[in-house]
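Below is one structure, written out as structure tokens; the observations come after it.
The values are calculated or read from the model by the stated rules, or taken from the named source; none is laboratory data. The model shown is predicted, which means the values in this text are computed figures rather than measured ones. Every residue, glycine among them, receives a Cβ derived from its backbone with ideal geometry; neighbour counts consider all protein chains shown.
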Amino acid sequence: MNFKPIFILLIIVSLILQLKNCDYGAEHQDVPEKYKKAHLTAVSAQNLLKKKKYAEALKYYDAARRELEHPKVRGDKGDDLYINYGFVMNDIGVIHLSWALYGKDEEKCPDHIDIAKIDRKELALATSALEKAVAFYKRWYKHNPKEYERYSKALTETYANLGVAYKYAERKKDAIEMFRLALLLKPDNGNAERSLKMLDISPAPFIEAGKKELEKH
């Protein structure tokens, strides 16, 4: 089975680059006091990720996650406008996914994925983090039904990431469903479109469904 792994590398790189357009707190410069510690920690994590210092970034992301999950903070519950927990879990998933497919040597940039060498433990960690991000966004949207644009923009990327994780976990049907949902939320999601083509599946009907969905909002 040929998954055309070089395109997966492009997908992961593009996901990381997208963070440059998604600065933590950009919409919450005056964040509530209970979120400030987690906010600053997440910013530090993001800056390290931009520098490709994945191991260090993960430490800060984990610290931000723990802070957000604290009973006195409840940043993981999604019951207000603060959406950073979803970004934190997504980025944790992206780091583990990159390690699963390409290893942890940050100095090297492999041009292919060796299926036999995929780190299954890292892949499971990536899948778990991304699934938590999806669950959070869904909870968050129930509390913030007027925020469809923010919701769809964030969730579409996580769906695409999770689709990649499912594919390499040999869960093809689940992967296709994630890519479909990603395009339903954002019909020009290039990552999901390319991933479907790599599976020899036409993304056209999913893109068309996404365009119709956008008309509703």
So Asp174, is it free of Cβ contacts under 8 Å to residues at least 12 places away in the same chain and touching a Leu at 6+ places or on another chain (Cβ under 9 Å): yes
Contacts under 9 angstrom Cβ, first residue in region 27-40 being acidic (Asp, Glu), partner modelled with pLDDT of 90 or more, 6 or more apart: Glu27/Leu81; Glu27/Ile83; Glu27/Arg150
Selection count, region 64-89, where residues are among the aliphatic types (A, V, I, L, M), surrounded by fewer than 22 Cβ atoms within 10 Å (Cβ to Cβ) and without any contact (Cβ under 8 Å) to a residue 40 or more places away in the chain: 1
Where a residue in region 43-55 is assigned to a helix (DSSP H, G or I) and its partner, wherever it lies, is among the acidic types (Asp, Glu) and crowded, with 18+ Cβ neighbours inside 10 Å, with Cβ under 9 Å and at least six apart: Ala45/Asp91; Gln46/Asp91; Leu49/Asp91
Residue in region 163-185 that is farthest from Glu213 (Cα to Cα), counting only those that are assigned to a helix (DSSP H, G or I) and acidic (Asp, Glu): Asp174
